[in-house]
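Visitor: Provided herewith is a single structure, encoded as structure tokens, for subsequent inquiry.
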Amino acid sequence: MAVIILPTCPTIIGKGWRYNAPTQVNKSEWTSHRKVTELPAAPRWMAEVASFNLDKDEHFWAWNAFFGALKGRGNSFRLIAVRKPQITGITVRANGGGQIGFSLNTDGWGAAGLKAGQYITVNDQLMRLMADVNPVGGAATLTFDRWLRAPVADNAIVEVSLPYALVSLAQDETSIIDNSDPWNDDGDWTVPGFMVEEAF
């Protein structure tokens, strides 16, 4: 699976981020007591990209080539998950190799951190923070609501400004736009919105 570079004309983001959290539930027919087994590595992010207009032929060509390169759901791309930078001016890295699970030791923070409910990306995996990040001496331990799927290398970059998810199209559609007459009254091509899902 190749990672295709997303065109920047215009820059798009995902909205309505959500994920399924698979669980196995066994319920007693006698007592109605439930036994729940969580699958912490299984959740998969889903999102929507809103429709947008292309006002230049060069932009149309770039997006047309992009959708062709995706080959339906075959390839993936990195999609930003936030509307604006969460924090700037720092480079956060993993502090220690081989980390996996629901937490990550990091360094490279300044005086400020992030809040519970904000996001980071590491190893191309979008993660939601479950506790405020309060750095001490530039170091902080991040906690998540899902499992880090792969061990994180020492000094791996942790994206804290514009976190993203590695996604693919949710359907095998490749002809999202065509080169017929412009679709709207302003003479622009309108790219219809489309759904994406996390690719791993």
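Visitor: Quick one: which residue in A21, A69, A81 is within 20 Å of the chain's Cα centre (by Cα), among the aliphatic types (A, V, I, L, M) and at pLDDT below 90?
Guide: Just one listed residue meets the conditions, A21.
Visitor: If you don't mind, another one. Answer yes or no as to whether W30 is touching a residue at least 60 places away in the same chain (Cβ under 8 Å) and not polar (S, T, N, Q).
Guide: So W30 fails the test.
Visitor: Let me confirm something: among A111, A140, which residue is aliphatic (A, V, I, L, M) and either modelled with pLDDT of 95 or more or within 30 Å of N64 (Cβ to Cβ) (or both)?
Guide: Going through A111, A140 in turn, just one is aliphatic (A, V, I, L, M) and either modelled with pLDDT of 95 or more or within 30 Å of N64 (Cβ to Cβ) (or both): A140.
Visitor: Now for a different question. Is there a residue being modelled with pLDDT under 90, surrounded by 14 or more Cβ atoms within 10 Å (Cβ to Cβ), β-branched (V, I, T) and under 30 Å from D55 (Cβ atoms) anywhere in segment 161-175?
Guide: yes
Visitor: In segment 49-56, is there at least one residue being closer than 19 Å to Y119 by Cβ, in a strand (DSSP E or B), of a type in the set (F, W, Y) and touching a strand residue (DSSP E or B) at 6+ places or on another chain (Cβ under 8 Å)?
Guide: no
Visitor: In addition: Can you find a residue that is of a type in the set (G, A, S), surrounded by 12 or more Cβ atoms within 10 Å (Cβ to Cβ) and not in a loop (DSSP other than H, G, I, E, B) anywhere in segment 2-16?
Guide: Checked against the condition, which is being of a type in the set (G, A, S), surrounded by 12 or more Cβ atoms within 10 Å (Cβ to Cβ) and not in a loop (DSSP other than H, G, I, E, B), segment 2-16 yields no hits at all.
Visitor: Next question, about the same structure. Looking at segment 88-111 only, could you name the residues that are farther than 24 Å from I5 by Cα and aliphatic (A, V, I, L, M)?
Guide: I90, A94, I100, L104, A111, listed by residue number.
Visitor: Just give me the residues in segment 17-48 being among the hydrophobic types (A, V, I, L, M, F, W, C) and not in a loop (DSSP other than H, G, I, E, B), in sequence order.
Guide: Those that are among the hydrophobic types (A, V, I, L, M, F, W, C) and not in a loop (DSSP other than H, G, I, E, B): W17, V25, V36, W45, M46, A47.
The values are calculated or read from the model by the stated rules, or taken from the named source; none is laboratory data. These numbers come from a predicted model, not from an experiment. For neighbour counting, all protein chains shown are included, and Cβ atoms are generated from backbone atoms with ideal geometry for every residue, glycine included.
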